[in-house]
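Notes follow the structure.
The values are calculated or read from the model by the stated rules, or taken from the named source; none is laboratory data. Since the model is a prediction, treat every value here as computed from it, not as a measurement. Here the Cβ positions follow ideal geometry from the backbone for every residue, glycine too, while neighbour counts run over all protein chains shown. The protein model used for the area step is the full one, side chains on, heavy atoms only, and it has no ligands, DNA or RNA in it. Shrake-Rupley method; radii C 1.70, N 1.55, O 1.52, S 1.80 Å.
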Amino acid sequence: MDFLLIIRTRPEDAERWQQAQRFIETASGMGHSVLQCFFQSEGVMAAVLPEAKKGWVRLAEETGAELLLCSQAAENFGITANLPFAIGGLGALIEAGVKADRVISFV
């Protein structure tokens, strides 16, 4: 099964973004794939936190998941993308949603 994750978790909600990371590890371990993690709203700030970023980078390397920061949110918060993160818009989110079997949101 192919998953798309939408992550809107605030940076201070470490339990929520850690839960998203554990979901990816578990799904991957069960033979599923995560096509994309789309970080939206305050989720873009949670993605680039030093303590969170290590986990996202590791998961992207291990699973091949695309890590996409919402272009509007990144602009609003003044965040630039460094590999393996990229900037993308809702079009990329919709495209991944069409390809995915399931969409999971972490708020």
_Normalised alpha carbon radius of gyration of the stretch 2-45 [divisor 2.2 N^0.38 Å]_ = 1.15
*Estimated FRET transfer efficiency when R0 is 25 angstrom, pair Glu75-Met30 (beta carbons, to 0.05)*: 0.10
*Which whole-number value in Å² is the accessible area per residue of the chain, probe 1.4 Å?*
52
*Using only the Cα atoms, work out Rg/Rh for the stretch 47-93, with Rh taken as the Kirkwood radius, to two decimals.*
0.97
*How far apart, in nm, are two points set 7 Å out from the Cα along the Cα-to-Cβ line at Glu51 and at Val107?*
2.5
*So what is the relative contact order of the chain, in percent, for Cα pairs below 8 Å that sit 6 or more residues apart?*
39
*Add -39500 (n - 2.57) for each DSSP H run of 4 or more in the chain, then divide by its residues: what number comes out at 222 nm, to the nearest 500 deg cm²/dmol?*
-14500 deg cm²/dmol
*Protein accessible area in the chain, 1.4 Å probe - carbon and sulfur %*: 53
*List the extent of the Cα atoms of the chain along each of their three principal axes, largest first, rounded to whole Å.*
36, 29, 24
*Chain lengthening between Phe23 and Ala86 when straightened (0.36 nm per residue, less Cα-Cα)*: 20.6 nm
*asked:* Let me check I've understood the local charge: for Phe85, count other residues with C-beta under 12 angstrom from its C-beta, Lys and Arg +1, Asp and Glu -1. What total comes out?
replied: 0
*Add +1 for every Lys or Arg and -1 for every Asp or Glu among the other residues with Cβ under 10 Å from the Cβ of Arg10, and state the total.*
-1
